[in-house]
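Structure first, then comments.
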Amino acid sequence: EPVLMMTWAYKDKPEMVDQLSEEYTSAGNKNGILVLPVGLAYRNSMEKYPEIDLYHTDKRHPSKAGTYLSACVMFTSIFKTSPVGNPYIFDLDSDIALKLQRIAWLTYKQYYED
């Protein structure tokens, strides 16, 4: 079954997230396709935990933390289950992994339940 992964804004162009969110949501709704709100999770994480760098040095691609956040959002959106407490932390600091798990769950609830 196809899904759409809402991408994130470039690090140096955070305003992109609103248009990306609108377009992915519209496409998902038109076609009855699940949208994974990864881009919104990036925004939520950067607002709440600016010390966690989600980007590679090119400001476009994800860092290890960004990749982990993306995976948490995918897991949460597909299985409708909180990732909080998942023992797999991708060799990240356990505090960082827990924060990203919480952001993924928060974003899922905001996107699908609000």
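None of the figures in this text is laboratory data; all of them are computed from the coordinates on show. If you're wondering where the values come from, they're calculated on a predicted model, not measured in any experiment. Glycine also receives a Cβ, built like all others from the backbone with ideal geometry; neighbour counts cover every protein chain displayed.
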Practice item. Quote the charge dipole size of the chain about the Cα centre in Debye, to the nearest 20; the model charges only the Cβ of Lys and Arg (+1) and of Asp and Glu (-1). Key: 120
Study note, to complete from the structure: Among trypsin sites (Lys or Arg not before Pro) in region 50-92, those in a DSSP loop whose Cβ has at most 12 other Cβ atoms within 10 Å are Lys59, Lys80
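Please label the shape of the chain as rounded, prolate or oblate, based on the square roots a ≥ b ≥ c of the eigenvalues of the alpha-carbon gyration tensor (a/c under 1.5 means rounded; beyond that, a/b larger than b/c means prolate, else oblate).
On the way: a/c = 1.86, a/b = 1.21, b/c = 1.54.
It comes out oblate by the Cα gyration axes.
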Point to revise | With at most 11 other Cβ atoms within 10 Å, longest stretch of the chain clear of loop GluC sites (Glu not before Pro) (DSSP) | key: 52-114
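Relative contact order for the chain: what is it in percent, counting Cα pairs under 8 Å that are at least 6 residues apart? The partial results should precede the final answer.
Details: 155 pairs, mean separation 26.6, N = 114.
That works out to 23 percent.
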Revision key, fill the gap. Taking the chain and counting helices only, DSSP H stretches of n ≥ 4 at -39,500 (n - 2.57) each over all residues, the nearest-500 ellipticity at 222 nm comes to -18500 deg cm²/dmol
Study note, to complete from the structure: Given unit charges at Cβ for Lys, Arg (+) and Asp, Glu (-), the dipole magnitude of region 1-65 about its Cα centre in debye, nearest 20, is 120
